[in-house]
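Student: Take this structure first; my questions come after.
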Amino acid sequence: MSSRRGSGILFVHRRIFPPFVRNDLEILRKHFDVYPVCISVNIFRVLFEIFRSIVRVNVIFVWFAGFQAFISVFLAKFFRKKLVVVAGGYDAAYVPEINYGVFTCWWRAIMAIFVYKNADLVLAVSKCTKNELLRRVIPKRIRVVYNGVDVKTFVPLSEKKVYVLTVGAVNKSNLKKKGLETFVKTARFLPNVRFVLVGRHADNSINYLKEIASKNVEFTGYVSFNKLLELYGKAMVYAQLSYHESFGVALAEAMACGCVPVVTKMAAIPEVAGECGIYVPYGDAKATAKAIQEAFKRRELGKCARDRVCKMFSLEKREEKLVETLNSLIRRG
């Protein structure tokens, strides 16, 4: 049912459909008439879906300032619709030291700048992402709406286990970006503690990690959603040792499950972990090991972490802000 009679949203997305993007689709469906369109190689089908839906909508909503947003700019201009773009991370970043971010590539940067300048509203997933973006381009309007976690699904389990968890796809970029290399090296300093790295093996980087890993490191590869919930729920400590995070959805999910966060002070991580995190220098395995030992003794930080997510980063909180913002945009005409 729509928030306003006759209001509709064209939800433009890629074939890769992360859970946090799907969350927004489900949120918007509760309040608006939503027409999803997947930008794929079948251009005729895409055009058919667009032309069938475009007359029914007021707003075009798209995640990330990539090709799908670039196409959406022209749709918005031609059909005189409002365009909302979510800046979700890579599409706002410039981190040349790890070769990360849209602004490290000149042609991607030109496309992103074009998108941000022509969007009626840019939604940044953190203050960090907003500030990164404002260093490169000034959108017409930008607002921070934090990512959301379903705190009714991501919950602590009654019996916590003494192990350290981190979640992230195993690929060349994430060795540095998400600190997976540091995570594995840290395990050497705590041989009696189990270290669990969850994430699909996207390239041969897993071979390097296995070469440097001690026997107490477990590489699960991809796991089912239920298995991930179990690992989050039982873990006492969650490590987010990243060089860059635009928000840190996995960190927030782990915090909702009552894990004590051991984290770096990089990018948006302090926004999420706040006073509940135990902070370590990026790339320092020895200091990280000491912080993990401290985390096992400070279990009260797990409750602090869950309370913080429930208060600031719940899915309900994102729904409230997202719907309020879109209704305001529609009312302005």
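Student: Could you check how many residues of the stretch 41-74 are of a type in the set (A, V, I, L, M, F, W, C), buried (at least 18 other Cβ atoms within 10 Å of the Cβ) and over 26 Å from the mean Cα position of the chain (by Cα)?
Tutor: Looking only at that region, the number is 3.
Student: What number of residues within the stretch 77-94 satisfy the criterion of being open to solvent by 10 Å² or more (accessible area, probe 1.4 Å) and more than 15 Å from the chain's Cα centre (by Cα)?
Tutor: The qualifying residues number 7.
Student: Could you figure out which of (1) open to solvent by 30 Å² or more (accessible area, probe 1.4 Å); (2) among the hydrophobic types (A, V, I, L, M, F, W, C); (3) closer than 18 Å to Ser126 by Cβ isn't true of Leu322?
Tutor: So the condition that Leu322 fails would be (1).
Student: Sort out which residues of the stretch 261-278 are more than 19 Å from the chain's Cα centre (by Cα) and either farther than 17 Å from Lys303 by Cα or among the aliphatic types (A, V, I, L, M) (or both), and write them in order of number.
Tutor: Residue satisfying the conditions is Ile278 alone.
Student: Does the stretch 129-143 include one or more residues that are on the phi < 0 side of the Ramachandran plot, of a type in the set (Asp, Glu) and assigned to a loop (DSSP other than H, G, I, E, B)? Write out each step before concluding.
Tutor: Let us first name the residues in the stretch 129-143 that are on the phi < 0 side of the Ramachandran plot, namely 129-143.
Next cut, of a type in the set (Asp, Glu) only: 132.
Filter again for assigned to a loop (DSSP other than H, G, I, E, B), leaving none.
No, the stretch 129-143 contains no residue that is on the phi < 0 side of the Ramachandran plot, of a type in the set (Asp, Glu) and assigned to a loop (DSSP other than H, G, I, E, B).
Student: Condition test on Gly258, is it touching a residue at least 12 places away in the same chain (Cβ under 8 Å), closer than 18 Å to Thr153 by Cβ, outside any helix (DSSP H, G or I) and not basic (Lys, Arg)?
Tutor: yes
Student: Can you tell me which condition Thr153 does not meet? The list is (1) in contact with a strand residue (DSSP E or B) (Cβ under 8 Å, 6 or more places away or on another chain); (2) open to solvent by 30 Å² or more (accessible area, probe 1.4 Å); (3) under 25 Å from Ala305 (Cα atoms), and all the others hold.
Tutor: Result: Thr153 fails condition (1) only.
Student: Could you list all residues from the stretch 175-198 that are surrounded by 22 or more Cβ atoms within 10 Å (Cβ to Cβ) and either assigned to a loop (DSSP other than H, G, I, E, B) or free of Cβ contacts under 8 Å to residues at least 12 places away in the same chain (or both)?
Tutor: Lys178, Gly179 - these are the residues of the stretch 175-198 that are surrounded by 22 or more Cβ atoms within 10 Å (Cβ to Cβ) and either assigned to a loop (DSSP other than H, G, I, E, B) or free of Cβ contacts under 8 Å to residues at least 12 places away in the same chain (or both).
Student: Look through Ser40, Ser53 and report the one residue that is out of contact with any Phe, Trp or Tyr (no Cβ under 6 Å at 6 or more places or on another chain) and of a type in the set (Gly, Ala, Ser).
Tutor: Every option except Ser40 fails the conditions.
Student: Output the residues belonging to the stretch 297-319 that are surrounded by 16 or more Cβ atoms within 10 Å (Cβ to Cβ) and either on the phi > 0 side of the Ramachandran plot or assigned to a helix (DSSP H, G or I) (or both). Lay out the reasoning, then the answer.
Tutor: Narrowing the stretch 297-319 to residues surrounded by 16 or more Cβ atoms within 10 Å (Cβ to Cβ): 301-302, 304-306, 308-310, 313-315, 317-319.
Hits for the stretch 297-319 are Leu301, Gly302, Cys304, Ala305, Arg306, Arg308, Val309, Cys310, Leu315, Lys317, Arg318, Glu319.
The values are calculated or read from the model by the stated rules, or taken from the named source; none is laboratory data. Keep in mind that this is a model prediction, so the values were computed, not measured. Every residue, glycine as well, gets a Cβ built from its backbone with ideal geometry; the counts of neighbours run over all protein chains shown. For accessibility, only protein heavy atoms count, side chains too; no ligands or nucleic acids. Shrake-Rupley method; radii C 1.70, N 1.55, O 1.52, S 1.80 Å.
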